[in-house]
Amino acid sequence: MTLFYPDVSSHQAGISFDGCAIVVVKATESTDYINPDYAAAEARAASAGAFFCAYHFLHAGGGAAQAAHAHSIVGSQVPLMLDVELTRDGTVTSVPAVADVEDFVGEYRSLGGVVSLLYLPHWYWQGDLGSPSLAPLASLGLFLVSSDYTAYSDTGPGWAAYGGMTPVIWQYTSSATLNGVTDVDMNAYKGSLADFRALVTAGAAGGGEPELTQGDTSAAVKTLQTRLNLWGAKLAVDGDFGPATLAAVEVFQGRKGLTVDGVAGPKTWAALDEDPGSDPAGASTPPGPSRPRPEPAG
């Protein structure tokens, strides 16, 4: 199944979430901005019975300070998505890098916050960051949210891998209409609501991954598939430990000199956590850039 859900900011203040299974709302930006509609939006989501998540719009530099600001508003119970893209404030351009994400995530989790989702569009990764490896971020247990504003399909371009990560969520439009409000960002997730909940609540801290074998289905399997892809596998990140994932585990274990048993146990996880380098073997050639979405403060 595929779930479709909105993410909104103060530009959609007052929007109704009736009919939504999931809602993601901008909470904070940089070290000082707070969405004035955030608390009210959380209440509206609760009234609609929607699963609620927040997001923080990251600026370059001061990742730890931004994490403290975001956590002071969002707290430890609401899952957070980190929004990483270009932003301009007058003549000042902010270009947050991989290191800024690492700083933010490390501090946010140390405060008890939960962050698993990483919105880092292909156009930004390629055009502004210079196509770096995203292996350090995958190793933090982050899951990629892509952005490609085209017609949605379950095999569309928003699911293509880049930087060694395969998107688990695709923001496919910024011009949807929801409950009478236009120009709403809409996202697609291939899985159930229970799967989504498990995915976004997994990122409290790295490590402690469960032992996984063929036949398992869970958010932890998506983590496994994401990390295997960093090492050159070509897996769909679907949370299903099937024959293709089994084969990829066995190939990886052989490559690392481990017992080839197809079981993702502690030694396999530890090897997967290593940095495969800036050009993982077999990484997919990224598609062309999609257009950015404007996201001014407020």
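The values are calculated or read from the model by the stated rules, or taken from the named source; none is laboratory data. Predicted model, so just to flag it, every value in this text is computed and none were measured. Positions of Cβ are backbone-derived with ideal geometry, glycine not excepted, and every protein chain shown enters the neighbour counts.
Brief remarks follow.
- Unmet requirement for S47, which otherwise passes all of (1) more than 21 Å from the chain's Cα centre (by Cα); (2) under 23 Å from F196 (Cα atoms); (3) assigned to a loop (DSSP other than H, G, I, E, B); (4) not basic (K, R): (3)
- Tally of residues being over 19 Å from L142 (Cα atoms) and touching a Pro at 6+ places or on another chain (Cβ under 6 Å) across the stretch 162-185: 2
- Long-range neighbours under 7 Å by Cβ, at least six apart or interchain, first residue in the same structural domain as S147 (by TED's automatic domain parsing) within the stretch 100-124, second part of a helix (DSSP H, G or I) and of a type in the set (K, R): V115/R109
- Any hit, the stretch 147-163, residues being assigned to a strand (DSSP E or B), of a type in the set (S, T, Y) and surrounded by fewer than 24 Cβ atoms within 10 Å (Cβ to Cβ): yes
Here's the yes/no breakdown for (1) within 25 Å of V168 (Cα to Cα); (2) in contact with a Lys or Arg (Cβ under 7 Å, 6 or more places away or on another chain); (3) of a type in the set (S, T, Y):
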| position | (1), (2), (3) |
| --- | --- |
| S16 | no, yes, yes |
| A50 | yes, no, no |
| A60 | yes, no, no |
| I73 | no, no, no |
| V78 | yes, no, no |
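- Candidates G163, G75, G130, G141 - the one that is under 12 Å from the mean Cα position of the chain (by Cα), assigned by TED's automatic domain parsing to the domain that holds A54 and on the phi > 0 side of the Ramachandran plot: G141
- Test: residue in the stretch 213-222 that is at pLDDT 90 or above and among the hydroxyl-bearing types (S, T, Y): yes
- Residue match in the stretch 22-42 (condition: within 21 Å of L199 (Cβ to Cβ), under 18 Å from the mean Cα position of the chain (by Cα), in a loop (DSSP other than H, G, I, E, B) and touching a residue at least 40 places away in the same chain (Cβ under 8 Å)): no
- Among residues of the stretch 130-153 that are more than 13 Å from Y119 (Cα to Cα), those with a beta-carbon under 9 Å from a residue that is at pLDDT 90 or above and in a loop (DSSP other than H, G, I, E, B) at least six positions away or on a different chain give the pairs S131/G163; P132/A97; P132/G163; S133/G163; A135/G163; T150/G156.
- Looking only at the stretch 109-118, residues that are out of contact with any Phe, Trp or Tyr (no Cβ under 7 Å at 6 or more places or on another chain) and either part of a strand (DSSP E or B) or at pLDDT 95 or above (or both) come to 0 in all.
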